[in-house]
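Student: Mind looking over this structure? Questions follow.
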Amino acid sequence: MKHYIRAAGGAVLGLLAMACGDGGFTPDPGVRTEDAEAVDLENLRILVSGEARVFPEAEGMAAAPASLTGMALTVEEPLRVAVNDAAATFATGEVAEDGAFRITDVPVRDMHQGLAVGLVHDGLVRSTTLVYDTAFTGTRPRTDIIDANAWALPIAFVDQLGAAVGAPRLQGHTGDPAATLASAGFVLGRVVDLNGQPVSGARVALNRAELADRVYYPSGDLTSVDSAGTAAHGLFLFVHSGAGVASFQLSVEGTDTYVPRNVDVGPGLGVVLTVYPGRYAP
C-alpha cells in the first residue's frame, strides 16, 4: 500500500535551494514510507489531485461563478510566480464537472519552497492556493498530494475585502491612490485547530517585523478590519506593496504548535493558505 501526503489546504531562488536539496540526508517526510513505492529522485513526478471550489465566504455572492467546470488549473511554485519566473508552472489541468481535479506527472525536482494550485479565469482574481510547504519536511514532496483544495476568489469578494481595508490603508502600503487589493497583491489565510475548525482570537506573527503592520483581521461580516485578532471565521489578510516580492515566514502568536509557514507574494497575486497546528492537515 502506498501512503500519501495529505494537503489543506532568481537570486531569491538560489538562496533557497539548500532548503529543499537532498544534501546527503533524508529528512522525515511527514508520512510513513517504509512500504511506499520507490521513486526516482532525479526525475521525480507526482500526482496532485483534489477539489476546486469558490472560497467559502464568497459562496452565494451575486458575482460568484455558479460552476468552476472546465476552468484551467496550474500546479506552480508561488515564489516563482511572484518573481515572474518563466518556469513557475510545473503542470496544467482543468476542473471536472464535480469540481475535482487530477494533474499527473508533476515534475518537482526543481521546486524550491512549495507547491500551489493556481486559478485564472474571467470574474476571478488571479490566485494560488498552497498545497505543499517545505517548512514541514525540509524537502520537496516525494509522494502524491491528494485531497488538496484550490480556492477560487471572485473579484467582487476581493473588492469587498479591499473596501474593508479601505483606500487610505491601501495607498499607505502601495503609494498608489488607485491601488486595489487585487493589484497590490495579498495573502488570505485561515487559522484552524486540530479538527479543521476556524480559530477565533488568533494573531499571526511574521518573522519580518517591518511587515507586521500589513496584517489585518476581517470582521465577521467582512465589512471592516482590525489588528486585534481573527473573528469566528479565522481569517487574516496580508496586504502587499504592489511592487517586488515579499517573502517571509508566518506563524501563530502565543503557541509553538503551528509550524512557521513559507509565504511569497507579488503584485496582482492572491495567495491562499490554511494555517493548522502540527505537521498534518486536519
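The values are calculated or read from the model by the stated rules, or taken from the named source; none is laboratory data. This is a predicted model, so every value here is computed, not measured. Glycine also receives a Cβ, built like all others from the backbone with ideal geometry; neighbour counts cover every protein chain displayed. Areas reflect the complete protein model, heavy atoms only, side chains present, ligands, DNA and RNA absent. Shrake-Rupley method; radii C 1.70, N 1.55, O 1.52, S 1.80 Å.
Student: Roughly to the nearest percent, how much of the accessible area of the chain is carbon and sulfur, given a 1.4 Å probe? Can you show the working numbers first?
Tutor: Working: 6260 of 12180 Å².
C and S atoms contribute 51 percent here.
Student: Could you state the principal axis extents of the C-alpha atoms in the chain, from the largest down, to the nearest angstrom?
Tutor: That gives 54, 42, 38 Å along the principal axes, largest extent first.
Student: Please tell me the relative contact order of segment 155-275 in percent, rounded to the nearest whole number, where contacts are Cα pairs under 8 Å and at least six residues apart.
Tutor: Details: 270 pairs, mean separation 38.7, N = 121.
Averaging sequence separation for qualifying contacts and normalising by length gives 32 percent for segment 155-275.
Student: Continuing with this model, one more query. Just going by the charge dipole of the chain, with Lys and Arg at +1 and Asp and Glu at -1 on Cβ, which of Ala96, Leu211, Pro282 is farthest out on the positive end?
Tutor: Leu211
Student: Okay, next question. Taking θ = phi - 60°, what integer Hz values does the Karplus form 6.51 cos²θ - 1.76 cosθ + 1.60 yield along segment 123-134, in sequence order, with x for Gly and Pro?
Tutor: x, 10, 7, 4, 9, 9, 10, 5, 10, 8, 9, 5
Student: Which is farthest toward the positive dipole end of the chain among Leu170, Val263, Pro198, measuring Cα position about the Cα centre, with Cβ charges +1 (Lys, Arg) and -1 (Asp, Glu)?
Tutor: About the Cα centre, the residue reaching furthest to the positive side is Leu170.
Student: Here's a follow-up. Check Gly201: other-chain or 5+ apart residues with amide H under 5 Å from its amide H, H built from backbone geometry?
Tutor: Thr230, Ala231
Student: Compute the relative contact order of segment 114-189 as a whole-number percentage, counting only Cα pairs closer than 8 Å that sit 6 or more residues apart in sequence.
Tutor: Values: 84 pairs, mean separation 18.3, N = 76.
In percent, rounded to a whole number, it is 24.
Student: Let me ask you something else. Dividing the convex hull volume of the alpha carbon atoms of segment 95-207 by its residue count, what do you get in Å³ per residue? The partial results should precede the final answer.
Tutor: Working: hull volume 19.9 nm³, N = 113.
For segment 95-207, the hull spanned by Cα atoms encloses 176 Å³ per residue.
Student: Moving on to the next point. About its Cα centre, what dipole magnitude does segment 125-170 give when the only charges are +1 on Lys and Arg Cβ and -1 on Asp and Glu Cβ, stated in debye to the nearest 20?
Tutor: Numbers: 4 positive and 4 negative charges, 35 e Å.
With Lys and Arg at +1 and Asp and Glu at -1, about 180 debye.
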